[in-house]
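K.L.:
I have a structure here, written as structure tokens, and I will follow up with some questions on it.
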Amino acid sequence: MLTEVMFCITLYLGVLMIEYLPLVLENRKIDLNPGAHYFGHSLHELMFVFAGTGAFLSFFHQGSLGGMFGVLFARPFAFREGFYIWPWTFFLFIVSAIASGPAFTILMTTLVQKVTGRKLVKQEVLALLGKIAGGLLVLYLILKAADTIYWAVSILPARGLSFWDQYHTPYGFWLVVAELGVFGILPALLLWNEKVRMHPGWLALACLLDCAGIVFNRFVFTVVSLAIPVMPFDRFVTYFPSWQEWASTLAMMAYMALIISLSYRYLPVFPQEKELNG
């Protein structure tokens, strides 16, 4: 399953580069070239093909990441039943990724606006994205709650275990409260409130909680699933990233910031900028 994840991500990176290419070709200087102008316009007409391909690849790389842990019979904290060969975690990872997508877009736009000190997108547009993110998050929370309840009352008892058996380590019941409550119900309520969506600061906070909840879910399903002892002779082992892991993560974030900065400086990423800033 991890091979499929990396395969899909590699192909998806290529799709993203193709989707990004028309924006590069719309640079003021490049667009003066007739060949580049025509090629960029032609790509726009074909972009629905690449958008569909990218969505398909995203579905499977997210789903397979969650599905991998859902089929670990020896790890009852993550094991799930499912639909044919796909455990429920396969679908939950897809829905949760979709729910955090619009929220992450809002966060990035808000961050660029804060750094540049300019209004780049109408608040009504961000509020609409926030409403969509809130609706998707509610859908995910319903499915996640149903999955958790079924896991607690059916899957675990059928294997001689109980719900509380899974929370006797430092990774206690607070995981459920944090994931479904603080990073789930709270941002959903905020995003469903129209006044909150129209306030840039509160909207950013709600989106930050939404995205943090998805990251927290990945942490729970990967780190916690492997950390909880399942045999009498197993020891509880903690994990903390090494400096090499921190460095590679920070390097990736710096690379992302560089791309965003260059795109804002040289490409027409925000067509409403002139209109909103006079």
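The values are calculated or read from the model by the stated rules, or taken from the named source; none is laboratory data. These numbers were taken from a predicted model, which means no experiment stands behind them. Ideal geometry is used to build each Cβ from the backbone, glycine not excepted, and the neighbour counts take in all protein chains shown.
K.L.:
Taking the residues in segment 215-249 that are among the aromatic types (Phe, Trp, Tyr) and in contact with a Phe, Trp or Tyr (Cβ under 6 Å, 6 or more places away or on another chain) as candidates, determine which candidate is surrounded by the fewest Cβ atoms within 10 Å (Cβ to Cβ).
P.N.:
Among those residues, the one meeting the criterion is Phe216.
K.L.:
Tell me which residues, restricted to segment 195-208, are surrounded by fewer than 20 Cβ atoms within 10 Å (Cβ to Cβ) and in contact with a Pro (Cβ under 9 Å, 6 or more places away or on another chain).
P.N.:
Across segment 195-208, the qualifying residues are Leu205, Leu208.
K.L.:
Something else about it: Have a look at Thr148, Thr110 and point out the one that is in a helix (DSSP H, G or I), in contact (Cβ under 8 Å) with a residue 60 or more places away in the chain and out of contact with any Lys or Arg (no Cβ under 7 Å at 6 or more places or on another chain).
P.N.:
The unique qualifying residue is Thr110.
K.L.:
Considering each residue of segment 220-267, count those that are of a type in the set (A, V, I, L, M, F, W, C) and touching a Ser or Thr at 6+ places or on another chain (Cβ under 8 Å), and give that number.
P.N.:
So the count comes out to 4.
K.L.:
Now for a different question. Could you list, in sequence order, the residues of segment 8-52 that are touching a residue at least 12 places away in the same chain (Cβ under 8 Å) and over 22 Å from Ser263 (Cβ atoms)?
P.N.:
Of everything in segment 8-52, those that are touching a residue at least 12 places away in the same chain (Cβ under 8 Å) and over 22 Å from Ser263 (Cβ atoms) turn out to be Cys8, Leu11.
K.L.:
Suppose we filter segment 71-87 for residues that are buried (at least 21 other Cβ atoms within 10 Å of the Cβ) and either among the aromatic types (Phe, Trp, Tyr) or more than 17 Å from Pro157 (Cα to Cα) (or both); how many remain?
P.N.:
2
K.L.:
Among (1) more than 16 Å from Leu141 (Cα to Cα); (2) out of contact with any Leu (no Cβ under 6 Å at 6 or more places or on another chain); (3) not assigned by TED's automatic domain parsing to the domain that holds Ala145, there is one condition Trp88 misses while meeting the rest; what is its number?
P.N.:
(1)
K.L.:
Within the group Leu226, Leu209, Leu250, which residue is in the same structural domain as Leu107 (by TED's automatic domain parsing) and modelled with pLDDT of 95 or more?
P.N.:
From the options Leu226, Leu209, Leu250, the qualifying one is Leu209.
K.L.:
Give Leu65, Leu16 a once-over and let me know the one that is surrounded by fewer than 16 Cβ atoms within 10 Å (Cβ to Cβ) and part of a helix (DSSP H, G or I).
P.N.:
Of Leu65, Leu16, the one residue that is surrounded by fewer than 16 Cβ atoms within 10 Å (Cβ to Cβ) and part of a helix (DSSP H, G or I) is Leu16.
K.L.:
Return the residue satisfying two criteria in turn: it lies in segment 185-203 and is assigned to a loop (DSSP other than H, G, I, E, B) and without any contact (Cβ under 8 Å) to a residue 12 or more places away in the chain, and of such residues it is farthest from Asn217 (Cα to Cα).
P.N.:
His199
K.L.:
Determine whether segment 229-236 contains at least one residue that is over 23 Å from Lys131 (Cβ atoms), hydrophobic (A, V, I, L, M, F, W, C), part of a helix (DSSP H, G or I) and free of Cβ contacts under 8 Å to residues at least 24 places away in the same chain.
P.N.:
no
K.L.:
Continuing with this model, one more query. Please verify whether segment 107-120 includes one or more residues that are surrounded by fewer than 21 Cβ atoms within 10 Å (Cβ to Cβ), within 15 Å of the chain's Cα centre (by Cα) and more than 15 Å from Asn217 (Cβ to Cβ).
P.N.:
There is at least one residue in segment 107-120 that is surrounded by fewer than 21 Cβ atoms within 10 Å (Cβ to Cβ), within 15 Å of the chain's Cα centre (by Cα) and more than 15 Å from Asn217 (Cβ to Cβ).
K.L.:
If I ask for residues that are of a type outside the set (Gly, Ala, Ser) and in contact (Cβ under 8 Å) with a residue 60 or more places away in the chain, which ones from segment 53-70 would you list?
P.N.:
Matches in segment 53-70: Leu65, Met68, Phe69.
K.L.:
Give me the pairs, please: first residue somewhere in segment 163-184 and assigned by TED's automatic domain parsing to the domain that holds Trp151 and modelled with pLDDT of 90 or more, second residue anywhere and part of a loop (DSSP other than H, G, I, E, B) and among the β-branched types (Val, Ile, Thr), beta-carbon distance under 7 Å, and either six or more positions apart or on two chains.
P.N.:
Close Cβ pairs (under 7 Å, with a partner that is part of a loop (DSSP other than H, G, I, E, B) and among the β-branched types (Val, Ile, Thr)) do not exist here.
K.L.:
Somewhere in segment 80-89, is a residue part of a loop (DSSP other than H, G, I, E, B) and touching a residue at least 40 places away in the same chain (Cβ under 8 Å)?
P.N.:
Scanning segment 80-89 turns up at least one residue that is part of a loop (DSSP other than H, G, I, E, B) and touching a residue at least 40 places away in the same chain (Cβ under 8 Å).
K.L.:
Which residues, counting only those in segment 36-58, are closer than 20 Å to Leu13 by Cα and of a type in the set (A, V, I, L, M, F, W, C)?
P.N.:
Those that are closer than 20 Å to Leu13 by Cα and of a type in the set (A, V, I, L, M, F, W, C): Leu43, Leu46, Met47, Phe48, Val49, Phe50, Ala51, Ala55, Phe56, Leu57.
K.L.:
Checking Glu275 against (1) modelled with pLDDT under 90; (2) part of a helix (DSSP H, G or I); (3) touching a helix residue (DSSP H, G or I) at 6+ places or on another chain (Cβ under 6 Å); (4) not polar (S, T, N, Q): exactly one of these is not met. Which one?
P.N.:
(3)
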